[in-house]
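The values are calculated or read from the model by the stated rules, or taken from the named source; none is laboratory data. If you're wondering where the values come from, they're calculated on a predicted model, not measured in any experiment. When we count neighbours, we look across all protein chains shown, and the Cβ atoms used for this are built from the backbone with ideal geometry, even at glycine.
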Amino acid sequence: MPLHGEHIRGKSELNRKIGFIINPIAGMGGKVALKGTDGEQTLLSAIKNGAVAESHIKAKRALERLADIKNEITILTASGSMGENLCKSLGMSYEVVYKLKYSKTTYTDTEEAAKKIKESGAKIIIFAGGDGTARNIYNAVKNHIPVIGIPAGVKIQSAVFSQNPEYAGDLVYEFVKNANIKYREMEVIDLNEEDYKNRHISSTLYGYMKVPYFPKYIQNMKQSGFNTDESKSNSVADYVIKNMNDDFYYIIGSGSTAKIIMEKLNLRYELLGIDVIYQKKVVINDATENQLFRIISEKKVKIIVSPIGGQGYIFGRGNHQISDRIIMSAGKDSIIVVATDVKLLSIKDSRLKVDCENPGTNEYLKGYYNVVTGFGRFISMPCC
C-alpha cells in the first residue's frame, strides 16, 4: 500500500513525453555574491559583475544520463536557451511547445512554458533552476503533474530537487522504464526576504509538488532553526577561534553556525555570504569568487563551512563563491567542517554531501571529515 501522500502510476499511464525547462539565468548570482538571480535589477547586477550563465551545464549533465533511451522519448520544451538549444546539441527528439517572445527570459516565460508543456501531454516536467524556478513551476502547474528539479540555482532548499544533476537524469530514466512509480508530495520553499533583511534566515512554504519517490536521488528539504543549546554552538566557535593560526586567512562560509565565529570575534559579517578574516580581523565581507581566488593564489588559507541542516551539503548549495578552483587550490586538508551534534542528527543518511560544478571536484572531496561539534569534540562523517 502506498504511504500517505504517495501515488502510484499504472502501466496504462506510461508516456514517453518528457517536459524540459531550463531557467537560463539560474545560479548566475552565486559566484558574484548575490543571494539569487530573481528580479531584473539583481540579474543586471550579476551581469555587471561578470556573472555568466551556467544552468545549461548542469542541465546537460542530467540529459546525458538519458543517452540510452533518447530514441524512446520525446522532449517537450521551450525555444532557444530554455531547452531547445541543449536538446538539439545532444541529438534528442524534441518538440518546441513554447516560443520565447524576447531573447531575455523572465519568470513569466517559465510559468507559460510549464503550462504549455502540461497541456501538450507531458507526464513529467524536469527543470533546471533553484527555489525561485521551483516556485514558478508550482504557480503554473501546482501538483497536477510530477516534477524533478535539476539543482542549478543559488538557493536550493526545496525538496523537489535531485541531489545532483546526474540523479535528475536517473530519475527520468526510472520514470520511463518503471511501470509502477511511486510519488510523494514534496515541499516548495524559498527564502523569506523580509526576515533576511533583519539578519535572520527563515523560509516560506509555498506548496507541494509531486516527485517520483526514490529517496536515494531526491534531496531533503533544508531544515533550520534548530532547538539546540546555544552553549554548544558557542563551544564550536570557541574551539575554532582558539586554534586559529595567524599565518592563515580564514574563509568563513555562509549560514548561522559558521557565522557564530564572527559574532564571537565581534566582527561584521554577511549571513548568507562568504567573509574572509586574517589575524581575527575582517579582510573582506560578502566576498565574490574572484576575490577569494585572488587571496588563495597568494596566501595560505583555511575554509570553514557548516553542512546545511537536513541535507548535509557543505559545497554547491548557497556558497557558490567557494568554487571548484578555490577548493582545488586550497586542498582538502584546508577544509574545517563545523556543526552542532543536533544539526548532524538532522541529516538522515548521516553523510556530508557536495554538488560542485565539476564532477571531478566532487570525486576529490570524497572521504571522511572530522566535524567540530564542540570544544575539542569531533564526529567523523563520510562525504559522498
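Lys366 satisfies every condition listed in (1) surrounded by 21 or more Cβ atoms within 10 Å (Cβ to Cβ); (2) over 14 Å from Ile274 (Cβ atoms); (3) modelled with pLDDT of 95 or more except (1).
Only one of the listed residues (Phe378, Phe315) is surrounded by 15 or more Cβ atoms within 10 Å (Cβ to Cβ), in contact with a strand residue (DSSP E or B) (Cβ under 6 Å, 6 or more places away or on another chain) and aromatic (Phe, Trp, Tyr). That residue is Phe315. Which of the residues belonging to region 259-291 are assigned to a strand (DSSP E or B) and surrounded by fewer than 20 Cβ atoms within 10 Å (Cβ to Cβ)? Those that are assigned to a strand (DSSP E or B) and surrounded by fewer than 20 Cβ atoms within 10 Å (Cβ to Cβ): Tyr278, Lys281, Val282, Val283.
When you check Gly360 against the structure, is it small (Gly, Ala, Ser) and either in contact with a helix residue (DSSP H, G or I) (Cβ under 6 Å, 6 or more places away or on another chain) or touching a residue at least 40 places away in the same chain (Cβ under 8 Å) (or both), yes or no? In short, no. Each residue in region 273-283 was checked for being over 16 Å from Phe315 (Cα atoms) and either of a type outside the set (Val, Ile, Thr) or modelled with pLDDT under 95 (or both), and 4 pass.
Out of all the residues in region 292-304, is one or more in contact (Cβ under 8 Å) with a residue 60 or more places away in the chain and in the same structural domain as Gly253 (by TED's automatic domain parsing)? Taking every residue of region 292-304 in turn, at least one turns out to be in contact (Cβ under 8 Å) with a residue 60 or more places away in the chain and in the same structural domain as Gly253 (by TED's automatic domain parsing).
Among the residues making up region 136-183, a single one is at pLDDT 95 or above and farther than 21 Å from Ile75 by Cα: Asn139.
State the number of residues belonging to region 62-108 that are touching a residue at least 60 places away in the same chain (Cβ under 8 Å), closer than 23 Å to Gly153 by Cβ and in a helix (DSSP H, G or I). Looking only at that region, the number is 9. Here His320 meets the list (1) surrounded by fewer than 20 Cβ atoms within 10 Å (Cβ to Cβ); (2) at pLDDT below 95 almost entirely, failing just condition (1). The residue pairs whose first member lies in region 246-269 and is over 13 Å from Val283 (Cβ atoms), whose second member is buried (at least 19 other Cβ atoms within 10 Å of the Cβ) and of a type in the set (Lys, Arg), and whose beta carbons are closer than 8 Å, counting only pairs six or more residues apart or on different chains, are Thr257/Lys343. Only one of the listed residues (Asp349, Asp333) is part of a helix (DSSP H, G or I) and surrounded by fewer than 16 Cβ atoms within 10 Å (Cβ to Cβ). That residue is Asp333. Can you spot a residue in region 374-383 that is touching a Cys at 6+ places or on another chain (Cβ under 7 Å), assigned by TED's automatic domain parsing to the domain that holds Ala287 and outside any loop (DSSP other than H, G, I, E, B)? There is no residue in region 374-383 that is touching a Cys at 6+ places or on another chain (Cβ under 7 Å), assigned by TED's automatic domain parsing to the domain that holds Ala287 and outside any loop (DSSP other than H, G, I, E, B). Among the residues of region 66-86, none qualifies, meaning not one is at pLDDT 60 or above, over 26 Å from Ile181 (Cβ atoms), surrounded by fewer than 19 Cβ atoms within 10 Å (Cβ to Cβ) and β-branched (Val, Ile, Thr).
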